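What follows is one structure encoded as structure tokens, with my remarks underneath.
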Amino acid sequence: MSDGSASQRDPAVVPEPANARTPAEQRDSARWTVVIPVKGTPGAKSRLAPAVPDDARAVLARAFALDTVGAALAAASVDRVIVVGDDPSVAGGAEFLPEAGGAARGLLGAIRHGIADARRERDVPVAVLLGDLPALRPEELDAALVAARRHPLAFVRDADGTGTTLAAATAGVAIDPQFGPGSAARHAAAGFVELEASAWPGLVRDVDTVDALGTVLHHGVGDHTADAVARLADRKGTP
């Protein structure tokens, strides 16, 4: 029995922790932040040369990036999209983060810069997505991220079999992606679980060569890439 001097509390009421998150914050923390590194247009898509001239490669690279960003923004499982690069126009409706200078420049530097920004305030789940996936569909990205949530670290191998198009880490898990030539083997060796991606053709078909471009055009691409290819074809056919 209380002596009456102590304050009484309703046992049905549990005090809210000082650091409790709102329902909206809890919902957002379950969704992904996607980091998309985009190489600047000078020298972009160099492996399309010499079949595709420099100015046309720049047009295509920008279109690939815009279609990739658009698919990520439309994915239901994605909360934020951060584009890291040196051209804000390729970000579309996403957040743009200027590429760091000095030794941090380059693909891996841009990726690490983007991950640090993504987790600056909260330790959210993060996925790194290449910016040259013009055939990517939002539902493919959603399916991959649902699968990735089952593993601390996960990755998607590209159609060629040696590269990587997506690397992901759930909340609270450190991630140091190893994109670049031969990255699939490096990701596997680093403990990333490979996701079965046969049902996600748009997610595995990055475009680095003329043959790869022909393949994605056959299967269907986003509006920006379709428009860019049509304009370039018209220009080529102009006397």
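The values are calculated or read from the model by the stated rules, or taken from the named source; none is laboratory data. The structure presented is a predicted model; accordingly, all values stated were derived computationally and were not measured. Please note: Cβ atoms are built from the backbone with ideal geometry, for glycine as well, and neighbour counts cover all protein chains shown.
Inspect all residues belonging to the stretch 137-157 and state whether any of them is small (Gly, Ala, Ser) and under 30 Å from ALA56 (Cβ atoms). Steps first, answer last, please.
Step one: list which residues in the stretch 137-157 are small (Gly, Ala, Ser), which gives 143-144, 147-148, 154.
Checking the rest, the ones that are also under 30 Å from ALA56 (Cβ atoms) come to none.
No, the stretch 137-157 contains no residue that is small (Gly, Ala, Ser) and under 30 Å from ALA56 (Cβ atoms).
Scan the stretch 103-143 for residues that are of a type in the set (Asp, Glu) and in a loop (DSSP other than H, G, I, E, B) and report the count.
Count: 3.
Might you check whether a residue that is touching a Phe, Trp or Tyr at 6+ places or on another chain (Cβ under 7 Å) and free of Cβ contacts under 8 Å to residues at least 40 places away in the same chain occurs anywhere in the stretch 77-87?
As a first pass, look at the stretch 77-87 and keep what is touching a Phe, Trp or Tyr at 6+ places or on another chain (Cβ under 7 Å): 77-79, 83.
Applying the additional criterion that residues be free of Cβ contacts under 8 Å to residues at least 40 places away in the same chain yields none.
Taking every residue of the stretch 77-87 in turn, none turns out to be touching a Phe, Trp or Tyr at 6+ places or on another chain (Cβ under 7 Å) and free of Cβ contacts under 8 Å to residues at least 40 places away in the same chain.
When ALA169, ALA147, ALA226 are screened for being more than 16 Å from the chain's Cα centre (by Cα), at pLDDT 95 or above and closer than 24 Å to VAL81 by Cβ, only ALA226 passes.
Condition test on VAL124, is it of a type in the set (Val, Ile, Thr) and under 18 Å from VAL207 (Cα atoms)? No; evaluated as a whole, the condition is false for this residue. Here ALA188 does not fit the description of being under 26 Å from LEU66 (Cβ atoms), at pLDDT 95 or above and more than 17 Å from the chain's Cα centre (by Cα). The residue that is surrounded by the most Cβ atoms within 10 Å (Cβ to Cβ), among those in the stretch 180-197 that are assigned to a helix (DSSP H, G or I) and of a type in the set (A, V, I, L, M, F, W, C), is ALA184. Residues in the stretch 207-219 that are assigned to a loop (DSSP other than H, G, I, E, B) and over 20 Å from the mean Cα position of the chain (by Cα): THR209 alone. Within the stretch 148-166, is there a residue that is in contact (Cβ under 8 Å) with a residue 60 or more places away in the chain, crowded, with 22+ Cβ neighbours inside 10 Å and either among the hydroxyl-bearing types (Ser, Thr, Tyr) or closer than 22 Å to GLY92 by Cβ (or both)? The answer is no; no qualifying residue exists.
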